[in-house]
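Presented below is the structure to which this report refers.
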Amino acid sequence: MLWLNLALVGALATSLTTIFAKIGIKNINSDFATFFRTGIVIVCALLLCFITGSIYQIGTLTTSNWLFLLLSGFCTGCSWLFYYKALKLGNINKVAPIDKSSFVLTSILFVIFFFNDSTNNGDALTICMLALSVSLMLTGTIMMIDKKNDTDETSSKWLIYAVLSAVFASLVSFFCKIGLSGISSDLGTLIRTIIVFVFAGAIVLARKEYKDIKSTSWKDWLFLTLSGAATGVAWLSEYYALNMKGVNPIAVNSVGKLSILLTMAFSFLILKEKFSKKSLCGLALLVAGTVVIIVFSL
């Protein structure tokens, strides 16, 4: 049950990441926000690596470890960049559900490449439960996509960015699962985060998106820092769970999607975003699909 507790901590931290990021990027460029937040995650991961001593294992990494951690970092960077742009243009209650739909493609990849772990060695009932879970989550996500309030071309772009974010996010956990093979989760997190940091930094420098940071308020810096810290907690929790032997990777990945509940609650209570009946029904289906696979994996 340790994997479940770790995954739940990761889900809580993920929801806080989104809320803090939404507040923090209100008056700052989204690409620079990605760069800054990643730097905070590096500090958290580096401290943990020195505390656990895993930093000294870096020389034991194989070519496979480096390759898939590199791919994971690249996909993470792309996902974050698109996600922040979507958050800047659209409401959380529209962007977050699409981001969580990455579960569908991730599940398919895990079934194909980690068939025994994901399906309990090909158990027919397990496969049926996976199909039911994915169907419920996909249906719920579609119901929560509401474009009625998008009155111009610019505002409707949030959907394109959100979908691209979900596609890249779906590959992150899959590549991490392979890249973490035989190494410490916190060391893998550190390496992957450095890759994202370099990727985001190159974009910021190329576009000169650092020019206006002097006008950024202390409040924006505070919430971006909190978002980075929450991201570090979320990653470390999820990847420790993913790296545990005998744990269904789809179940771990699905627990993280429960963050949608707290994210939506925050968006309603703090950001005053409103929900339609259709989106609430979609949220219920999304959560139901998540719970099905979690309960079945216990």
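With T216, T225, T263 as the choices, which residue is touching a Ser or Thr at 6+ places or on another chain (Cβ under 6 Å) and hydroxyl-bearing (S, T, Y)? Walk me through how you get there before you give the answer.
Working: T216 fails: touching a Ser or Thr at 6+ places or on another chain (Cβ under 6 Å); T225 fails: touching a Ser or Thr at 6+ places or on another chain (Cβ under 6 Å).
Only one candidate passes the filter, namely T263.
Any residue at all in segment 193-201 that's more than 18 Å from N253 (Cα to Cα), among the small types (G, A, S) and without any contact (Cβ under 8 Å) to a residue 24 or more places away in the chain?
no
Could you check, for segment 237-250, whether at least one of its residues is touching a residue at least 60 places away in the same chain (Cβ under 8 Å), closer than 20 Å to T139 by Cβ and under 18 Å from the mean Cα position of the chain (by Cα)?
Yes.
Just checking, which of K245, K277, K272 is at pLDDT 80 or above and surrounded by fewer than 18 Cβ atoms within 10 Å (Cβ to Cβ)?
Residue meeting the stated conditions: K277.
Determine which single condition A96 fails, assuming it passes every other condition in (1) closer than 28 Å to A241 by Cα; (2) open to solvent by 30 Å² or more (accessible area, probe 1.4 Å).
Tallying (1) closer than 28 Å to A241 by Cα; (2) open to solvent by 30 Å² or more (accessible area, probe 1.4 Å), A96 fails exactly one: (2).
Take L81 and tell me if it is open to solvent by 10 Å² or more (accessible area, probe 1.4 Å), under 26 Å from G140 (Cα atoms) and within 13 Å of the chain's Cα centre (by Cα).
Working: open to solvent by 10 Å² or more (accessible area, probe 1.4 Å): yes; under 26 Å from G140 (Cα atoms): yes; within 13 Å of the chain's Cα centre (by Cα): yes.
In short, yes.
With the requirement that a residue be among the aliphatic types (A, V, I, L, M), surrounded by fewer than 24 Cβ atoms within 10 Å (Cβ to Cβ) and farther than 20 Å from L81 by Cβ, what does segment 167-189 give you?
Result: I178, L180, I183.
Output the number of residues of segment 73-101 satisfying the condition of being polar (S, T, N, Q), modelled with pLDDT under 80 and either assigned to a loop (DSSP other than H, G, I, E, B) or within 21 Å of D31 (Cβ to Cβ) (or both).
Adding up the residues that qualify gives 2.
Give the residue that is farthest from K219 (Cα to Cα), with candidates limited to residues of segment 17-72 that are open to solvent by 60 Å² or more (accessible area, probe 1.4 Å) and not in a helix (DSSP H, G or I).
T62
Which ones in segment 154-209 are over 18 Å from D31 (Cβ atoms), among the β-branched types (V, I, T) and in a helix (DSSP H, G or I)?
V163, V167, V172, I178, T189, I191 - these are the residues of segment 154-209 that are over 18 Å from D31 (Cβ atoms), among the β-branched types (V, I, T) and in a helix (DSSP H, G or I).
State all residues of segment 7-43 that are more than 15 Å from A86 (Cα to Cα) and out of contact with any helix residue (DSSP H, G or I) (no Cβ under 7 Å at 6 or more places or on another chain); if no residue qualifies, say none.
Result: V43, single match.
If you go through segment 190-213 one residue at a time, how many are modelled with pLDDT of 85 or more, of a type in the set (F, W, Y) and surrounded by fewer than 18 Cβ atoms within 10 Å (Cβ to Cβ)?
Looking only at that region, the number is 0.
The values are calculated or read from the model by the stated rules, or taken from the named source; none is laboratory data. Note that the structure is a prediction, hence the values are computed from the model and not measured. Ideal geometry is used to build each Cβ from the backbone, glycine not excepted, and the neighbour counts take in all protein chains shown. Accessible surface is based on the protein model in full, side chains and every heavy atom, while ligands, DNA and RNA are left aside. Shrake-Rupley method; radii C 1.70, N 1.55, O 1.52, S 1.80 Å.
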